[in-house]
1. Plugging the Kirkwood radius over Cα pairs into Stokes-Einstein for region A:20-97, at a temperature of 37 °C and a viscosity of 0.692 mPa s, what D comes out in µm²/s?
2. With a length cut of 24 Å (Cα positions projected on each helix's long axis) and a Kyte-Doolittle mean of at least -0.5, go through chain A and give me the DSSP H helices that pass.
3. Label-to-label distances across copies for residue A:22, with labels 7 Å out along Cα→Cβ, in nm, shortest first?
4. In deg cm²/dmol, rounded to 500, what helix-only [θ] at 222 nm does chain B give when every DSSP H run of at least 4 residues adds -39500 (n - 2.57) and the total is split over its residues?
5. Nearest 100 Å² is fine: how much accessible area is buried between B and A, summed over both sides, with a 1.4 Å probe?
6. Ignoring ligands, DNA and RNA, how do B:133, A:58, B:259 rank by accessible area with a 1.4 Å probe, largest first?
7. Long-range amide H contacts for residue B:359: which residues qualify at under 5 Å (H placed 1.01 Å from N, peptide plane, sequence gap of 5 or more or a different chain)?
8. What lysines does residue B:335 reach when the alpha-carbon gap must be under 26 Å and sequence neighbours fewer than 8 apart in one chain are set aside?
Protein chains: 2
Amino acid sequence: ILLPVRTSALNEEIEVLVLLPKNNTYIFSIPRVRPAIEYARTRLSGDLYPGLNFTVHYENSDCGNEALFSLVNRSCMKKPDLILGPVCEYAAAPVIRMASHWNIPVISAGALATGFSQKDKEYSHLTRIAPSYLKMAETFSALFEHFGWNRVLLIYEDDSEERNCYFTVEGVHSSLHVEGYKVDHIVIHKDHSVETDEIIKDIYKTEVVVMCAGADTVRDIMLAAHRRRLTNGSYIFFNIELFNSSSYGNGSWRRGDKYDSEARLAYSALNVVTLMRTVKAEFETFTAEVKKSIQRAGIGADNANVNMFMEGFHDALLLYALALHEVVKSGSSKKNGAQITQSMWNRSFEGIAGQVSIDENGDRNGDFSVLTMTDTQTGTYEAVFNYFGVNQSLEMMPRITMEHFTLRERHWTPGPEQPD
Amino acid sequence: ILLPVRTSALNEEIEVLVLLPKNNTYIFSIPRVRPAIEYARTRLSGDLYPGLNFTVHYENSDCGNEALFSLVNRSCMKKPDLILGPVCEYAAAPVIRMASHWNIPVISAGALATGFSQKDKEYSHLTRIAPSYLKMAETFSALFEHFGWNRVLLIYEDDSEERNCYFTVEGVHSSLHVEGYKVDHIVIHKDHSVETDEIIKDIYKTEVVVMCAGADTVRDIMLAAHRRRLTNGSYIFFNIELFNSSSYGNGSWRRGDKYDSEARLAYSALNVVTLMRTVKAEFETFTAEVKKSIQRAGIGADNANVNMFMEGFHDALLLYALALHEVVKSGSSKKNGAQITQSMWNRSFEGIAGQVSIDENGDRNGDFSVLTMTDTQTGTYEAVFNYFGVNQSLEMMPRITMEHFTLRERHWTPGPEQPD
C-alpha cells in the first residue's frame with residue numbers, strides 16, 4: 001500500500017456517528033464492533049494522518065426504527081460528518097435515506113439486501129464495505145454457467161424480523177432469474193415445523209437446491225433427502241453460511257444423536273458457500289487486540305471471534321480517511337458528502353484482512369469459497385472452489401472431484417407439466 | 001351534536017403540521033385540501049372554541065421520502081402538536097413511526113393500508129379518519145357470508161409506486177383469507193399489456209372476481225369475459241372504485257368506440273363497491289366554499305369535486321379539538337399526545353358530511369355501497385346494497401334482484417386439481 005507522503009496536509013475534526021445495536025445477541029453489536037473501530041481510529045490518527053481527529057459517538061440502532069430515531073435526535077443538535085452502520089436492513093433503510101438527503105456519507109458492513117444497490121436515488125450516499133448478497137450470488141452464477149445447470153429450488157427460513165435468509169436468497173433469486181434460469185422457492189416460516197415431504201416433492205422437480213436456514217432445519221432436510229436417495233448425485237445441494245463459517249466446517253451434521261452417521265453421509269452431498277477467509281500478518285495483531293477488548297467487555301470467549309462486521313467497520317474508517325484526504329487535497333471539504341462518497345467508489349485499498357475493492361457502484365467486490373466434504377470418514381470440509389469478485393473468476397482446487405458437481409442422469413422422470 | 005357549554009375553558013395555541021403533496025395530480029394535494037382544513041379552523045376558533053388557536057404549516061410530503069424529511073427539518077426547530085397526513089403509504093410509514101416516538105398525534109385520511117392497523121407498536125399515535133381498506137373489505141365479507149360464495153379471484157393493477165390497488169386488494173385478501181375463503185390473485189403490472197386470455201383461464205377456476213384497476217383495464221377484462229359468456233350469471237364480478245365514484249356511475253363502459261354497446265351488456269354483470277355518499281344541509285355550504293377556493297387556486301373546475309380526503313382532513317381538526325378539550329378538562333395538556341390519541345378513539349361525532357365513528361383501534365368505521373346496473377338500456381347504475389361499518393349490517397334496497405348475486409350452476413366443470 002502506498003501511503004500519502006504529505007500526511008500533515010490533513011487537519012480535520014470528524015464527527016462519526018456509529019449506529020449499531022447495543023444488544024450483544026447481534027454479532028455486530030456496539031461492544032463487539034467498537035474495538036475494531038477504535039483500533040482503526042488510533043492507527044489512523046497516530047501513524048497515517050496525525051492531523052485527523054475522529055470523535056466517535058456510538059448510538060443504539062436496535063435492529064429497527066430506533067436507528068432513525070437515534071440519527072434524528074443527535075442530528076438536530078449537530079449533523080455528523082460520517083455515519084457507520086446500520087447493519088439490519090430495516091434499520092438501515094430510513095437512515096440511509098435521511099443521510100443521503102442531508103449529504104452525509106454512510107458506510108456499512110451490513111445493509112446487504114439487493115434493494116440497496118439502487119444508488120441513483122434514495123441510497124445515493126451508501127458505500128457497502130462488505131460484499132452484498134448480490135455479490136455472493138455471483139458465485140452461484142459462475143457455478144451454474146460452468147456446470148450447465150438449469151433449474152434451482154431456493155429454500156429459506158424467514159423470521160419476519162431481521163429476515164437475513166430472505167434477503168440472502170433474494171440476491172440469488174435476482175441473479176439467476178435475470179440470467180434466465182428456472183427459479184422456484186419455498187419459504188419455511190420460523191417456529192413452524194418443517195414439512196420435509198412437501199420439500200422433497202419440490203426437490204424432485206429441480207436440479208440444484210440452495211438453502212439458507214438454521215442448522216437444524218438444514219439437517220432435517222438433508223436427512224429426508226438422503227432417505228429418499230436424492231443425495232446420490234441426481235441433485236446438487238448448497239447451504240449458504242455467510243457469517244459463522246468458521247464454526248460450520250467442523251461439521252454441523254454432528255449432534256451426538258443417533259442420526260449422526262446417517263447425517264454425515266447425507267452431508268457428503270451438501271456444499272457450503274461461505275465468505276473466503278484470508279490471513280495476513282497484520283490481521284493477527286488486529287484479531288488479538290479485538291478479542292482482548294471483547295473479552296474485557298465481558299462477552300464470553302466463545303463469541304469473541306472476529307467477524308466480517310468487525311473487519312468491515314475497521315476498513316470503513318480507513319476508506320473514509322483515504323477519500324477525505326483526496327477530497328481535501330482537491331480543494332473541497334468534509335462537508336461535501338457526495339464527493340467523498342464518489343471518491344470511495346471504484347477504488348482498491350489494503351484493508352485489515354487483505355485487499356478491499358469497491359466497485360463503481362460503491363459496493364465491495366466479494367470473494368467466496370465453496371466447501372465440500374473431502375473426507376467422508378471423518379466428515380470434514382475443505383474449500384474446492386474460490387470465487388473472486390473483482391475479476392469474476394472461479395478458481396478450482398486440485399482436490400476437487402468434478403463428478404461431485406455433475407448432475408447424474410435421473411432415474412425419475414417428471415410427468416408433463418401444466419402450462420404456467 | 002352536543003357542543004360543550006363552557007367553551008371558554010379551552011385556551012390553547014396548537015401548531016399543526018400538514019404533510020401532503022404540493023403536486024395537484026394528487027386529489028389530496030395541499031391546494032385541494034387546504035380550503036377544507038381552513039374551513040374547519042375558522043369554524044372551530046370562531047364559534048366553538050374561541051380560545052383555541054391553530055397555526056397550520058403546510059409542507060410538501062410528495063408521495064415518498066420527502067414527507068419524513070419535511071417532518072424532521074421542521075421538528076428540529078420546534079415539534080408540532082399535531083400532524084395531519086401523509087396520505088401515501090410509503091410517505092406515511094416513517095412519519096407515523098417518528099411521530100409516535102415523539103408522542104405527537106397523527107390523523108390521516110390516508111395511510112389506508114392494512115399494516116397501519118397495528119397500533120400496538122410503531123403506529124401507536126395514528127388515528128385514521130377515513131375508512132381503511134380493511135374496513136372496505138368488510139363489505140365483501142358480509143356479501144360472501146350472505147350469498148354463500150366460496151372462492152374469489154383478486155385482480156389488481158400495480159404501479160410499484162403509490163400502489164393504491166395493491167393495498168386495496170391486500171385488505172380484501174386479509175379479510176377473506178382469515179375467514180377461510182379460497183383466495184387467488186393476479187397482478188397486472190402497469191404499462192404491461194393485459195393478458196386477457198390468462199385472466200379468463202383463472203376466472204374459470206373461481207366464483208367471484210374482484211378487480212381494482214384502471215378503467216381501460218377493467219373494460220378490457222369485462223369485454224373478454226363477456227365474449228366467453230362468463231357474464232351470464234356463473235360468475236360474480238366486482239370493481240372497487242373508492243375515490244372517484246361520482247364519475248363512475250355515469251358509465252365507464254362508454255368510450256364512444258364501436259365496443260360501447262357490447263361493453264354496456266358486459267357491465268350489466270359488473271358490480272361496483274364505492275364509498276357511501278351522504279348529504280346533509282351543512283355539507284352543501286362546505287362543498288361550495290371548498291370548490292370556490294380550489295377554483296380560485298387555478299385548479300380546473302373538472303377537478304374541483306369534494307372528495308373523501310377533503311372531508312377527512314376537515315373532520316380531523318374537529319376530532320382533535322374535541323379530544324384536546326376533553327384532555328385539557330381532565331387536567332392534562334396538549335403535550336400528552338398519547339392521551340389525546342386515546343381520547344380520539346372509540347368515539348362518534350358529527351362530521352361535515354355526516355356521523356363519524358372511530359373504532360376502539362383508532363380507525364374509522366366505513367359505510368360502503370354496492371352499485372349495479374339497474375337499467376340495461378341506458379346503462380345506469382344505482383346502489384342495491386349499503387354496508388354500515390358501525391354495526392356491520394348489510395342493507396338491501398327494494399330494487400335489488402337477488403338472482404343477480406346468486407351463482408348459476410356451471411355448464412363448465414373444472415378438471416381434477418393438482419394437490420397444492
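1. Roughly 246 µm²/s, to the nearest whole number.
2. Those that clear 24 Å and a mean of -0.5 are A:308-329.
3. Ordered by distance, the counterparts are at 4.0 nm.
4. -11000 deg cm²/dmol
5. Approximately 1300 Å², summed over both chains.
6. If we order B:133, A:58, B:259 from most to least accessible, we get B:259, A:58, B:133.
7. B:346, B:364, B:365
8. Correct list for residue B:335: A:78, B:78, B:79, B:119, B:121.
The values are calculated or read from the model by the stated rules, or taken from the named source; none is laboratory data. Just so you know, these numbers come straight off a predicted model, no measurement behind them. Methodologically, a virtual Cβ is constructed for each residue, glycine included, from the backbone with ideal geometry; neighbour enumeration extends over all protein chains shown. Side chains are part of the model used for accessible areas, which takes the heavy atoms of the whole protein and leaves out ligands, DNA and RNA. Shrake-Rupley method; radii C 1.70, N 1.55, O 1.52, S 1.80 Å.
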